[in-house]
Amino acid sequence: MSNRLYYDDPALLAFDATVRACEPAADRYRLALDRTAFYPTSGGQPHDLGHLQAADRVVSISNVTSDDEEEVWHHVSEAIAPGTHVSGTIDRVRRQDFRQQHSGQHILSAAFDHVLSARTESVHLGVEDCTLDLHREVTADECRRAEDAANGVVWDNRPVSIRYADASDLAHEPRLRKITAREGRVRLIDIAGHDLSACGGTHVSTTGEVGLIAIRGTERFRGGTRVTFLAGRRALESYRALRDTADAAARTLSVAAADVPDALMRLREDLKQEQRRAMEAIERVTVLQAESLASGVDASGLLVAELPAADALALRVSASQLVAVAGRVVALISGSSPHALVIARSADRADVDAGALVRQICAAHGGKGGGRPDLAQAGGVDVTVEALRAVLKT
Ligand SMILES: [Zn+2]
């Protein structure tokens, strides 16, 4: 089994080793070394990236895994023979990022525990998002209190130490945040005066290295709360993204960033008012249109017309206006085929069944519709004004 150098020195980014085994694997080959500083995906923390140099060859590491025997496997595209001396280099930015996220998680989980007695049930440290799941629901105000307590610990710049204990000796350790299922020798991460956890991850050496812990959002999850958080560089990047968004919104609205919510509220009120005025204007136009259409009503009280700019709603409003006068039967279609169709009749024209007429027209000219004896409508009708008049004359 390889000696895991990151256990005692998570800041180590370069090391020398000897290849112990080289086997075919899904991504070509996997190598075991006698010692390694590469962190394998485990305990909710993703693996390191980096490369191995063997003589004049540089081989990238695409994945690092560990197996049931606790062997660490370095996944590579080229074979390196056992016995070869290699030097390994860890991707510094990625390692630092996960040290910040993982230590940030321990600090935040312990803060939720101390301030709110909210236990962390599970943790996810992703390449983009990190979450922790609390056993109970917490309010926005409670979250802020835990966030404040966590950042207080960060800014205290407390030492983070690594030590080992036998699992059987930990049963009565009051500081341990969560009972460990492990047996035998257990690695402990001790954040002075704040948290003691059994953990194999890569952590910072002082809490100040975490920089900042920011809660990005919360959601209800399995009867508790899922907290999405960012630490260190990610918190800065998130701040920049939010700042750019707020600035862009402020520029568009020609207000200061802090005034964006008020400006949006005003804009929404203005929009509602404009929509009301537009609706009133449409109603006025429809009345005028109905009045002008009325001149086309023939001696029998029949009007058939095409309204080029109308939709189904405008047709219905116009038809209703027209049949407010006694003795009328009105059939209106919209501008382009397939048309919307509305047939209406005045209250005193009980001799006409608008619903039956619409069904009859749909049967002959396509479309779907129906309605009451006094008002009926259809859509998708392929009919001309002339054909419509012929049906209604009979
Ligand atoms: Zn951990």
_Under the rule of at least 5 residues apart or a separate chain, name every residue whose amide H is placed under 5 Å from the amide H of ARG35._
ASN3, THR18
*asked:* What does the net charge come to around VAL72 if you take all other residues with beta carbon closer than 11 Å to its beta carbon, with K and R at +1 and D and E at -1?
replied: -2
_Which of ALA340, PHE112, GLN45, positive extreme of dipole for the chain (C-beta unit charges)_ = ALA340
*Search the structure for amide H atoms under 5 Å from the amide H of PHE221, placed 1.01 Å from N in the peptide plane, and list their residues when 5 or more places away or on another chain.*
ARG226
*Which whole-Hz couplings ³J(HN,Hα) result when phi for each residue of region 74-86 is put into the Karplus expression 6.51 cos²θ - 1.76 cosθ + 1.60, θ = phi - 60°, listed in order with x for Gly and Pro?*
9, 8, 9, 8, 10, 6, 10, 5, x, x, 6, 7, 10
*asked:* Looking only at region 283-393, where both bridge partners belong to it, what percent of the DSSP beta bridges are antiparallel (to the nearest 5)?
replied: 70 percent
*Hey, with R₀ at 41 Å, roughly what FRET efficiency would ALA26 and THR252 work out to, going by the Cβ-Cβ distance, to 0.05?*
0.25
*So how do VAL325, VAL210 line up by other beta-carbon neighbours within 10 Å, fewest first?*
VAL325, VAL210
*What is region 95-240's relative contact order, in percent, from Cα pairs under 8 angstrom and six or more apart in sequence?*
31 percent
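Magnitude of the Cβ-charge dipole of region 68-166, K/R +1 and D/E -1, about the Cα centre, nearest 20 debye?
Around 480 debye, computed over region 68-166.
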*Among residues other than ALA258 whose Cβ falls under 15 Å from its Cβ, what is the net charge (Lys/Arg +1, Asp/Glu -1)?*
0
*asked:* So for region 3-90, averaging the separation of alpha carbon pairs under 8 Å that are six or more residues apart and normalising by length, what relative contact order in percent results?
replied: 36 percent
*Specify which residue in the list ILE90, GLY223, VAL59 is farthest towards the positive end of the charge dipole of the chain, using unit charges on the beta carbon of Lys, Arg (+1) and Asp, Glu (-1), about the Cα centre.*
GLY223
_Cross-link candidates for LYS368: which lysines have Cα within less than 28 Å, leaving aside residues fewer than 8 places away along the same chain?_
LYS393
*Mind putting a number on the dipole of the chain about its Cα centre? Charges go on the C-beta only, +1 for Lys and Arg and -1 for Asp and Glu, and I need it in Debye to the nearest 20.*
840 debye
*FRET efficiency for GLU306 and GLN275, Cβ-Cβ distance as r, R0 = 30 Å, nearest 0.05?*
0.60
*So how do ILE215, ILE189, ILE90 line up by other beta-carbon neighbours within 10 Å, fewest first?*
ILE215, ILE189, ILE90
*Among all the aspartates and glutamates, which ones have a C-alpha under 18 Å from LYS178's C-alpha, if same-chain residues fewer than 8 places away are not counted?*
ASP113, GLU121, ASP133, ASP166, ASP169, ASP190, ASP195
_Among VAL260, PRO174, HIS74, whose Cα projects farthest towards the positive end of the dipole of the chain, with charges put on the beta-carbon of Lys, Arg (+1) and Asp, Glu (-1)?_
VAL260
*Go ahead and set up a Gaussian network model of the chain, Cα springs under 10 Å, then flag whichever of THR384, THR120, THR18 fluctuates most.*
THR384
*What are the residues whose amide H is under 5 Å from the amide H of GLU137, where those residues sit 5 or more places off or on another chain and H is modelled from the backbone?*
none
*For region 165-210, which trypsin sites (Lys or Arg not before Pro) are in a loop by DSSP, counting at most 13 other Cβ atoms within 10 Å?*
ARG175, ARG182
_Sorted by Cβ density within 10 Å, fewest first, the residues THR139, THR89, THR394, THR207_ = THR394, THR139, THR89, THR207
_Can you compute the modelled spin-label distance between MET1 and GLU291, with each label point 7 Å from Cα toward Cβ, in nm?_
9.4 nm
_Using θ = phi - 60° and Karplus 6.51 cos²θ - 1.76 cosθ + 1.60, couplings along region 163-180 (whole Hz; Gly, Pro as x)_ = 8, 10, 8, 8, 3, 5, 7, 8, 4, 10, 7, x, 7, 5, 5, 9, 4, 9
*Which one of SER254, SER109, SER300 has the biggest mean-square fluctuation once the chain is modelled by GNM with Cα springs under 10 Å?*
SER300
*Only loop residues by DSSP count here, and only those with at most 15 other Cβ atoms within 10 Å; note down the trypsin sites (Lys or Arg not before Pro) in region 220-295 that meet that.*
ARG222
*Specify whether the C-alpha gyration tensor of region 181-240 places it in the rounded, prolate or oblate class, a ≥ b ≥ c being the square roots of the eigenvalues: rounded for a/c under 1.5, otherwise prolate if a/b is larger than b/c and oblate if not.*
oblate
*Per-pair calculated FRET efficiency, R0 = 56 Å: ILE162 and ASP262 via Cβ, rounded to 0.05*: 0.65
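Every number in this text was worked out from the coordinates using simple rules, so none of it is lab data. Bear in mind the structure is a predicted one, so any value in this text is a computation, not a measurement. Note that each Cβ is placed from the backbone with ideal geometry, even for glycine, and that neighbours are counted across all protein chains shown.
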